[in-house]
Amino acid sequence: MATHRSRALWSRVMRSCRLPGFRSSWPRGPLGARHVSQEKQATETHFGFETVSEEEKGGKGDIAFRFLNYVHEQHKGKQKRQLRAQQNLSWEEIAKKYQSEEDPLGGSRVVVCDINKEMLKIGKQKARAQGHKAGKSYGLAWVLGDAEELPFDDDKFDVYTIAFGIRNVTHIDQALQEAHRVLKPGGRFLCLEFSQVNNPLISRLYDLYSFQVIPVLGEVIAGDWKSYQYLVESIRQFPSQEEFKEMIEDAGFEKVTYESLTSGIVAIHSGFKL
Amino acid sequence: MGTLLRSALRPLRRLGGLRGQAAVDVPLRGVRHGAAGLLYPGHIPTSPLQKALLAAGSAGMALYNPYRHDMVAVLGETTGLRALKVLRDQMRKDPEGAEILQKRPRISLSTLDLDKLRSLPEGSLGQEYLCFLDVNRVSPDTRAPTRFVDDEELAYVIQRYREIHDMLHTLLGMPTNILGEIVVKWFEAVQTGLPMCILGALFGPIRLSAQSLQVLVSELIPWAIQNGRRAPCVLNLYYERRWEQPLRALREELGITDPPTVHVRGLA
């Protein structure tokens, strides 16, 4: 029942302009996403996976696109190195290698999952605009699903990321358990989310901006005060870095760490299923 | 700066008690009035800083996108406190106005008896009002409810002002095109002194053509100001009791002369 209300609220928010939501997390939004993507490079070198398939939560797929671009670049680099290593190839064989309809991602796949259809629609539009295409051959899939009850089998994914999404889940512990379930052993859980500010001066300024400015922006730009009031209140209700770390550990993850960005306005939590 | 911060952070203390509450309950909180400082249904309490930001933002947005009527409403609510108090005191002194303040009549499609109004004789206020609604294809239900006024009686006053806007169009014989709206705004500015009306009256003509502007300044605005000054406060009229009154007689009672006939290319 609560998820229905959640769905309706987010449909309402999605109908209005997307900009105010972005402003509430600026500049942490894109920086945070970039940071999480860079973390993924560490995953590659740490585990040496040849192919990494990943699940991405958050319908607009910003992290998914960065990941795909990165994998694509890596794969191209790998192809080049392979060709250089192979000697005495005729030019016909080299041309054939480049032209073959081989998977440009080398087997990596990304699944983007969200509870809200509008979010997924916008994500697909973004993908098309950037030149990515959905479907098995290009490694990007869009799935409608609930984080508390994922429509995937156990032990399916190498990486699970969720950015500014887990705050809106009604039962966070269930979402964490589901994340644990769908990850393969050795898989990594990464979560980017608003957190508690540790610096008192920044905390006051941040509170001032959140409560005084954001609902006003929501009203002026989108004609919706209530949704943006809810947004800033839900941010305050989210557990602190340490509390969330404990919740992740309770779900069965190990080696849980976190990194605070911008004095703790957002934090990246990481855990492994071992 | 310290007092500003303190007053701005006051809403935070209220929210301090919310920790641990399920986030999903939050959107419904505003519906319960009487709790958490809500004075009437739909009330959103705002700090002085928020009101200032809202006023600036809504003014800018209303100019940028004239179809954002909700922004005009927000501008009126956030800037009109002093004018509303003056209006309310004026209404209290007038017998008909005091009755309106007490009975709190609302004009909407649900409260209007459309069949009765249609059966009234031609030339009566009720008939002319319905005719105006039909010709201009407007409805009295499009007025936004008050949200940012922090006094329950003043919230009604501004709501009443919004709901009789169409009545003023009928009284002044002005259509709902841009020129007509500006003329009514000038009349309202003189009558109510609301900053939103004054700003609308001054900035509304910005997007007009030279010809319209000339007609406006030379004939329509002087006529609006003259009538606005001469007429008693239009908020004091219990329109719901005057449906049968002939419009002409009402105009005479208020001292409103016939509108000047102007022909502007491109306007109805």
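The values are calculated or read from the model by the stated rules, or taken from the named source; none is laboratory data. The model shown is predicted, which means the values in this text are computed figures rather than measured ones. Here the Cβ is made from the backbone with ideal geometry for all residues, glycine too, and neighbour counts use every protein chain on show.
How many residues does the stretch A:112-131 hold that are touching a residue at least 24 places away in the same chain (Cβ under 8 Å) and outside any helix (DSSP H, G or I)?
5
Which number in (1) more than 19 Å from the chain's Cα centre (by Cα); (2) closer than 26 Å to B:R92 by Cβ marks the one condition that B:I164 misses?
(1)
Within the stretch A:216-223, can one find any residue that is assigned to a helix (DSSP H, G or I), closer than 30 Å to A:P185 by Cα, touching a Phe, Trp or Tyr at 6+ places or on another chain (Cβ under 9 Å) and more than 7 Å from chain B (Cβ to nearest Cβ)? Even if it seems obvious, please write down each step before you answer.
If we filter the stretch A:216-223 for residues that are assigned to a helix (DSSP H, G or I), which is where we start, we get A:216-222.
Checking the rest, the ones that are also closer than 30 Å to A:P185 by Cα come to none.
No; the residues of the stretch A:216-223 include none that is assigned to a helix (DSSP H, G or I), closer than 30 Å to A:P185 by Cα, touching a Phe, Trp or Tyr at 6+ places or on another chain (Cβ under 9 Å) and more than 7 Å from chain B (Cβ to nearest Cβ).
Can you say whether A:Y206 is among the aromatic types (F, W, Y) and in a strand (DSSP E or B), as far as the supplied structure shows?
So A:Y206 fails the test.
Mind telling me which of the residues A:L217, A:L274, A:L261, A:L192 ends up being within 20 Å of the chain's Cα centre (by Cα), touching a residue at least 12 places away in the same chain (Cβ under 8 Å) and surrounded by fewer than 23 Cβ atoms within 10 Å (Cβ to Cβ)?
A:L261
Here are some residues: B:G57, B:G76. Which one is under 17 Å from the mean Cα position of the chain (by Cα) and under 25 Å from B:L154 (Cβ atoms)?
It is B:G76.
This table checks each residue for (1) of a type in the set (K, R); (2) surrounded by fewer than 17 Cβ atoms within 10 Å (Cβ to Cβ); (3) closer than 30 Å to A:D224 by Cα.
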position: B:P95; (1), (2), (3): no, yes, no
position: B:P121; (1), (2), (3): no, yes, no
position: B:E128; (1), (2), (3): no, no, no
position: B:T146; (1), (2), (3): no, no, yes
position: B:I158; (1), (2), (3): no, no, yes
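From B:L54, B:L130, grab the single residue that is closer than 20 Å to B:E240 by Cα and out of contact with any Cys (no Cβ under 6 Å at 6 or more places or on another chain).
Step by step, each of B:L54, B:L130 is checked, and only B:L130 is closer than 20 Å to B:E240 by Cα and out of contact with any Cys (no Cβ under 6 Å at 6 or more places or on another chain).
Looking at (1) under 17 Å from the mean Cα position of the chain (by Cα); (2) modelled with pLDDT of 90 or more, which is the only condition B:I221 fails?
(1)
A quick yes/no check of all residues on (1) at pLDDT below 90; (2) within 26 Å of B:I198 (Cα to Cα):
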site	(1), (2)
B:L9	yes, no
B:A22	yes, no
B:L39	yes, no
B:P48	no, yes
B:N65	yes, yes
B:L101	no, yes
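Show the residue pairs meeting these rules: Cβ distance below 6 Å; 6+ apart or different chains; first residue within the stretch A:199-214 and more than 17 Å from B:P45 (Cα to Cα); second residue polar (S, T, N, Q) and part of a helix (DSSP H, G or I).
A:N199/A:S263; A:I202/A:S263
Assuming B:N177 fulfils every condition listed in (1) at pLDDT 90 or above; (2) surrounded by fewer than 19 Cβ atoms within 10 Å (Cβ to Cβ); (3) not hydrophobic (A, V, I, L, M, F, W, C) apart from one, which condition is it?
B:N177 satisfies every listed condition except (1).
So which residues in the stretch B:40-53 are of a type outside the set (G, A, S), facing another protein chain (nearest Cβ under 8 Å) and closer than 20 Å to A:L205 by Cβ? Lay out the reasoning, then the answer.
Here is the first cut: in the stretch B:40-53, the residues of a type outside the set (G, A, S) are B:40-41, B:43-46, B:48-51, B:53.
Remaining after also requiring facing another protein chain (nearest Cβ under 8 Å): B:44, B:49-50, B:53.
B:L49, B:Q50, B:L53, listed by residue number.
Among (1) in contact with a Ser or Thr (Cβ under 7 Å, 6 or more places away or on another chain); (2) of a type outside the set (D, E, K, R); (3) within 14 Å of chain B (Cβ to nearest Cβ), which single condition is A:L190 missing?
The one condition A:L190 does not meet is (3).
Given the conditions (1) more than 9 Å from every other protein chain (Cβ to nearest Cβ); (2) at pLDDT 90 or above, which single one is not true for B:R13?
(2) is the only condition that B:R13 fails.
Can we say B:V86 is closer than 15 Å to B:V234 by Cβ, surrounded by fewer than 18 Cβ atoms within 10 Å (Cβ to Cβ) and β-branched (V, I, T)?
Considered against the rule, which asks whether it is closer than 15 Å to B:V234 by Cβ, surrounded by fewer than 18 Cβ atoms within 10 Å (Cβ to Cβ) and β-branched (V, I, T), B:V86 comes out as yes.
Using the structure shown, decide if B:V157 is in contact (Cβ under 8 Å) with a residue 12 or more places away in the chain, closer than 18 Å to B:M91 by Cβ, assigned to a helix (DSSP H, G or I) and of a type in the set (A, V, I, L, M, F, W, C).
Criteria met by B:V157.
Please indicate, with yes or no, whether at least one residue in the stretch A:152-171 is within 14 Å of chain B (Cβ to nearest Cβ), in a helix (DSSP H, G or I), out of contact with any Ser or Thr (no Cβ under 9 Å at 6 or more places or on another chain) and buried (at least 20 other Cβ atoms within 10 Å of the Cβ).
yes
Looking at (1) within 11 Å of another protein chain (Cβ to nearest Cβ); (2) part of a helix (DSSP H, G or I), which one does A:P239 not meet, given that it meets all the others?
(2)
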